[in-house]
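Visitor: Structure below; questions to follow.
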Amino acid sequence: MEFKRLSNCVYHCEYHLVLVSKYRRKIFNEGIFAYFEIKLNEIRKHYPLIECKTVNHDKDHVHFLISVPPTMSVGSAVRIIKSNTARALKQKFPFLKELYWGTDGIWSDGYFATTVGINEQMIKQYIEQQGQEDTGQAKLALG
């Protein structure tokens, strides 16, 4: 387990996040996801304390293992990620503008977040295997 330091605290605040595409549209393929990852890494230049440790996708959602400092809410980190990636993806892939006309975003309004404790390795493995045939990890997540 890795601890991070700020001037006033030492922390380990990691979350498993799931962002779903608006209307559950299947917009993610390997090319779009590769560009999404580039844009996600660019966010770190402006927000160095938001660290995406692991990220993967299925056709209609993205899973993250993310570190957020205790000085920032999870909701703020999600807002930053959603707004920056939505804008970039719509600029790069014009079909998304047509698919989501009349709205700025490509993301569903909500999100899923859970804290990561001693099960970090299991969550990492679950995220890395997104989009592959279910080998029982769904049972672990629900159990």
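The values are calculated or read from the model by the stated rules, or taken from the named source; none is laboratory data. All figures in this text were calculated on a predicted structure; none of them were measured in a lab. Using ideal geometry, Cβ is built from the backbone for each residue, glycine included, and neighbour counts are taken over all protein chains shown.
Visitor: Residues in the range 48-83 that are acidic (Asp, Glu) and either closer than 16 Å to Val20 by Cα or in contact with a helix residue (DSSP H, G or I) (Cβ under 6 Å, 6 or more places away or on another chain) (or both): how many?
Guide: 2
Visitor: Taking only pairs six or more apart or across chains, which ones have beta-carbon atoms under 8 Å, a first residue in the range 13-31 that is of a type in the set (S, T, N, Q), and a second residue that is buried (at least 18 other Cβ atoms within 10 Å of the Cβ)?
Guide: Sorted first by the residue in the range 13-31, then by its partner, the pairs are Ser21/Ile27; Ser21/Phe28; Ser21/His61; Ser21/Ile106; Ser21/Trp107.
Visitor: Within the range 83-125, take every residue that is closer than 17 Å to Ser67 by Cβ and hydroxyl-bearing (Ser, Thr, Tyr) and give me the one that is surrounded by the most Cβ atoms within 10 Å (Cβ to Cβ).
Guide: So the residue we want is Tyr111.
Visitor: Taking interchain pairs and intrachain pairs at least six residues apart, which have beta carbon atoms under 8 angstrom, with the first residue in the range 45-73 and farther than 18 Å from Arg5 by Cα and among the hydrophobic types (A, V, I, L, M, F, W, C) and the second in a loop (DSSP other than H, G, I, E, B) and modelled with pLDDT under 95?
Guide: Leu65/Val116
Visitor: Only one residue in Phe93, Phe112 is over 30 Å from Phe3 (Cβ atoms) and not small (Gly, Ala, Ser). Which one?
Guide: Answer to the check: Phe93.
Visitor: Related question: Looking at the range 112-129, I want the residues that are over 23 Å from Gly75 (Cα atoms) and have a partner that is loosely packed, with under 14 Cβ neighbours inside 10 Å and modelled with pLDDT under 85 with Cβ atoms under 8 Å, at least 6 apart or on another chain. Which pairs are those?
Guide: Filtered contacts from the range 112-129: Met122/Leu140; Gln129/Thr135.
Visitor: Further question on the same structure: Of all residues in the range 51-82, count the ones that are surrounded by fewer than 21 Cβ atoms within 10 Å (Cβ to Cβ), among the aliphatic types (A, V, I, L, M) and more than 17 Å from Val116 (Cα to Cα).
Guide: 1
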